[in-house]
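The values are calculated or read from the model by the stated rules, or taken from the named source; none is laboratory data. Keep in mind it's a predicted model, so treat the numbers as computed, not measured. For neighbour counting, all protein chains shown are included, and Cβ atoms are generated from backbone atoms with ideal geometry for every residue, glycine included. Side chains are part of the model used for accessible areas, which takes the heavy atoms of the whole protein and leaves out ligands, DNA and RNA. Shrake-Rupley method; radii C 1.70, N 1.55, O 1.52, S 1.80 Å.
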Amino acid sequence: MKDTVRRKPHQRKVYWNEPTLSFWERAYLFEIIRGLAITGTVFTRNMWRWMTGRKGALTTYYPEETRADYAAGNRGKHILTQRPDGSPQCIACNMCATVCPAQVIEIDAAFDPADPAHPKYPSRFEIDYSRCIFCGLCVEACPEDAIRMVKEVPELPAPVRETMWLKKEELLGWQPRSDVAKPYPPKGAAPAAPAAPRH
Ligand code: SF4
Ligand code: SF4
């Protein structure tokens, strides 16, 4: 049956960064030759360096080798700082999760009535490393210095995304740190009374 419905002609979406090709680029063949020349030059240079005993391309034979030349600005991997008894310094205030631009931090808060000094704590604290952009904003936002990033970069890659969820136990355990500047009372002790005002 003949289609009698009048349709609007298809309008191709115009992107703000639409590519513009010169005549030589549109001619195709010259660009292929140029690409092959660049690839061949880099390959030959790296091969020559490798044959003469110098390291040519930045190839790391992962996982046997790990790179030692991370950028100076590399922030590394997150840790959760601990109190002297090993419990997380985190008070589950959710500030880091709120400020995280990638929204990759998930926290479940829990309440411990037997610990009046710090009754709120995270029963679950997870970071999805497959989406974290390592911006460090979570560290900046934390009022307790409970989350930090340390330069050492352990095994970050994973074959499946599900294994890239960093759990509380790993965040507390892989580089354990405590904040000596924050003398928390031992668990179960009453919080210190506020100092009397001086006259
Ligand atoms: S480093 Fe940035 S993206 Fe990663 S968890 Fe912290 S705030 Fe989110
Ligand atoms: S890590 Fe810091 S900002 Fe995040 S929930 Fe814990 S105390 Fe709050």
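Structural remarks
- Amide H to amide H, with H built 1.01 Å from N, Trp165 comes under 5 Å of Tyr129, counting only residues 5 or more places away or on other chains.
- Take each peptide in 172-180, 74-82, 19-27, count the other Cβ atoms within 10 Å of every residue, and average; sorted highest first, the result is 74-82, 172-180, 19-27.
- Lysine pairs in the chain with Cα atoms under 15 Å, if 8 or more residues apart or on separate chains: 4
- Nearest-ten-degree value, helix 29-51 long axis tilted from longest Cα axis of the chain: 60 degrees
- Using Cβ point charges alone (K and R +1, D and E -1), the dipole size of the chain about the Cα centre works out to roughly 1020 debye.
- Cα centroid separation - segment 16-38 against segment 97-125, whole Å: 53 Å
- Working from label points 7 Å from Cα in the Cα-to-Cβ sense, the Glu106 to Lys187 distance is 2.5 nm.
- Gyration tensor (alpha-carbon) shape descriptor, the chain, a/c threshold 1.5: oblate
- Once the 1.4 Å probe is applied to the protein heavy atoms, the chain comes out at 76 Å² accessible per residue.
- Radius 15 Å from Cβ of Thr41, net charge of other residues (Lys, Arg +1; Asp, Glu -1): +3
- Under the combined filter of DSSP loop state and at most 13 neighbouring Cβ atoms within 10 Å, segment 127-175 retains these GluC sites (Glu not before Pro): Glu152, Glu155.
- Applying the criteria of a DSSP loop state and at most 12 other Cβ atoms within 10 Å to the chymotrypsin sites (Phe, Trp or Tyr not before Pro) of segment 39-145 yields Tyr61.
- Secondary-structure-derived ellipticity at 222 nm for the chain, considering helices only, amounts to -6000 deg cm²/dmol, per-run term -39500 (n - 2.57) for DSSP H runs with n ≥ 4.
- Unit charges at the beta carbon, dipole of the chain: most positive-side option, Phe23, Gly53, Val99: Phe23
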